[in-house]
Number of protein chains: 2
Amino acid sequence: MKKTLKERIIESAINLFEKHGYHGVSVGQIVDDSQTSKGGFYHNFKSKDELLFYIHDLFISYVLDKAREAYDNFDTPVSRLCAIIQSFTKVFDLYKPHITVFYQESAYLAREYQQLINEKRDEYRKIILQVISEGQSNGDFRSEVPAEISTMSIIGMINWTYKWYKKDGALSIDSIALIFNDLILHSLITEKGMKDIAAETYLLKSQRQ
Amino acid sequence: MKKTLKERIIESAINLFEKHGYHGVSVGQIVDDSQTSKGGFYHNFKSKDELLFYIHDLFISYVLDKAREAYDNFDTPVSRLCAIIQSFTKVFDLYKPHITVFYQESAYLAREYQQLINEKRDEYRKIILQVISEGQSNGDFRSEVPAEISTMSIIGMINWTYKWYKKDGALSIDSIALIFNDLILHSLITEKGMKDIAAETYLLKSQRQ
DNA sequence: TATTTGGTACCGACCAGTCGGTCTGTCCTC
DNA sequence: GAGGACAGACCGACTGGTCGGTACCAAATA
């Protein structure tokens, strides 16, 4: 199937935005890169602002779906959390430019769009919070740490990946996801949680024992 | 001591940039807010770019100093790491607007300035990497996890604070710093490390045992 | 002491260029 | 022949930066 003009514009925009930032790229440049015209652009988008929104929405909607899926497909806090971490981390192979734009340029979203995005972002956060809270209730996760802070720590730790991850780097995104699982589980889990379920399957094997 | 015009300009700029982003604020607005003129501005700064650099440098230099200090004042991996985490986290009370600008707008730094900033940022990262590596060598930290990833995870987790931390929120920055210590230590430390030193002093007390 | 000099800090009207966005027109399809 | 998809010349607003000028102060001169 041939790419529509709209898709071509979005693709050009994402790549240019990732490199030079939203304000570092003019509509004229996007139009050149996607081989169209001002007319073609404004036929498909109400404004440059709306284009920025599209890019945001593309990513956050995808990642939110994945999180819901992960939640539904598993039934313990540990397995759910790990599934979410895995899916979240793996998104970087596919959506790194989107993510970069998402976190660098979201301040420039028009108010109306910002709200729509924030709702989805909050819902995403709530899913993680929910999983951690459930884990604290059933004793799998330590209760000394406020679930809100754990949630933000996890999100921060994974999101930050966009600052350093290279697709052709030494570590694949899958191994990075495993490491994140290991780090996060170690920081949250109780002794009970460790025995309770097959948590070891989510941990890296030690070379030392 | 009276504030110099340069200081006033920087202060205005930081606050405006935090709210509206670098590109959302014109030199004219900065000039109005700091009660000066275009002339006054360009007498103190070569360009708007240079002003952005100043703000970046202010923050990264401070935080780098603090990390060196933390390293020098302690002599075990665990205590050093915790001191760095503490000092890093506490910076948010003082420099949150700087940090916001630092991470949202660094893409727009001119190449020449970007390099200067990157050098300091890399040095900072190296200090943390060094501490973790030393801990892995002496057996305090687990060796299953690559030190590079642990480093980036820590940095990401703490940096992300700028997205959600509110000065008048439920948790003080000091308690947040303690929680970070707890989470990070749990994720890195070995059983030996736990016994070896008084690592408990850095962990939150459980309510359950 | 009174006056000149020179340098620094600052002022604000102004400019050239760029940007997002519009509008009229053309082609192509149904 | 009507309506959607796109082309591209064009516009007004605004931006970063300039430049001739002023206010002020300390040192030099008389």
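Taking into account only those residues within region A:1-26 that are of a type in the set (A, V, I, L, M) and farther than 24 Å from B:Arg111 by Cβ, which is surrounded by the most Cβ atoms within 10 Å (Cβ to Cβ)? Checked region A:1-26; the qualifying residue surrounded by the most Cβ atoms within 10 Å (Cβ to Cβ) is A:Ile9. Every test in (1) open to solvent by less than 50 Å² (accessible area, probe 1.4 Å); (2) more than 8 Å from chain A (Cβ to nearest Cβ); (3) charged (D, E, K, R) is passed by B:Glu123 save one, and that test is (1). Scanning region B:126-150 for residues that are open to solvent by less than 10 Å² (accessible area, probe 1.4 Å) and among the basic types (Lys, Arg) returns no hits.
Which residues, counting only those in region B:106-138, are of a type in the set (Gly, Ala, Ser) and within 20 Å of B:Ile84 (Cβ to Cβ)? It would help to see each step written out before you state the result.
Let us first name the residues in region B:106-138 that are of a type in the set (Gly, Ala, Ser), namely B:106-107, B:110, B:133, B:135, B:137.
Answer for region B:106-138, where residues must be of a type in the set (Gly, Ala, Ser) and within 20 Å of B:Ile84 (Cβ to Cβ): B:Ser133, B:Gly135, B:Ser137.
Checked against (1) within 12 Å of another protein chain (Cβ to nearest Cβ); (2) over 30 Å from B:Phe17 (Cα atoms); (3) loosely packed, with under 15 Cβ neighbours inside 10 Å, B:Gly169 passes all but a single condition, namely (2).
Listed here are the residues, each with its yes/no results for (1) over 26 Å from the mean Cα position of the chain (by Cα); (2) within 23 Å of B:Phe92 (Cα to Cα); (3) more than 11 Å from every other protein chain (Cβ to nearest Cβ); (4) modelled with pLDDT under 75.
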site	(1), (2), (3), (4)
B:Tyr162	no, yes, no, no
B:Phe180	no, yes, no, no
B:Glu191	yes, no, no, no
B:Leu204	no, yes, no, yes
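Scanning region B:155-166 for residues that are open to solvent by less than 20 Å² (accessible area, probe 1.4 Å) and either outside the structural domain of B:Val78 (by TED's automatic domain parsing) or in contact with a helix residue (DSSP H, G or I) (Cβ under 6 Å, 6 or more places away or on another chain) (or both) yields B:Gly156, B:Met157, B:Ile158, B:Trp160, B:Thr161, B:Tyr162, B:Tyr165. The number of residues in region B:85-108 being within 11 Å of chain A (Cβ to nearest Cβ) and open to solvent by 30 Å² or more (accessible area, probe 1.4 Å) comes to 2. For region A:139-160, which positions are at the interface with chain B (Cβ under 8 Å from one of its Cβ atoms) and farther than 30 Å from A:Glu18 by Cα? Answer for region A:139-160, where residues must be at the interface with chain B (Cβ under 8 Å from one of its Cβ atoms) and farther than 30 Å from A:Glu18 by Cα: A:Arg142, A:Ser143, A:Glu144, A:Val145, A:Pro146.
When B:Asp75 is evaluated against the numbered criteria (1) under 24 Å from B:Lys166 (Cβ atoms); (2) assigned by TED's automatic domain parsing to the domain that holds B:Ser172; (3) among the charged types (D, E, K, R), which criterion, by number, is the only one it fails? Evaluating B:Asp75 over (1) under 24 Å from B:Lys166 (Cβ atoms); (2) assigned by TED's automatic domain parsing to the domain that holds B:Ser172; (3) among the charged types (D, E, K, R) leaves (1) as the failure.
Could you please let me know if B:Leu58 is under 25 Å from B:Leu109 (Cβ atoms), touching a residue at least 40 places away in the same chain (Cβ under 8 Å), assigned by TED's automatic domain parsing to the domain that holds B:Glu105 and open to solvent by 70 Å² or more (accessible area, probe 1.4 Å)? Explain how you work it out, then say what you get.
Numbers: under 25 Å from B:Leu109 (Cβ atoms): yes; touching a residue at least 40 places away in the same chain (Cβ under 8 Å): yes; assigned by TED's automatic domain parsing to the domain that holds B:Glu105: yes; open to solvent by 70 Å² or more (accessible area, probe 1.4 Å): yes.
Yes: the conditions hold for B:Leu58.
The values are calculated or read from the model by the stated rules, or taken from the named source; none is laboratory data. Treat the numbers as computed from the prediction; the structure is a model and nothing was measured. For neighbour counting, all protein chains shown are included, and Cβ atoms are generated from backbone atoms with ideal geometry for every residue, glycine included. In case anyone asks, the SASA skips ligands and DNA or RNA and just uses the protein heavy atoms, side chains included. Shrake-Rupley method; radii C 1.70, N 1.55, O 1.52, S 1.80 Å.
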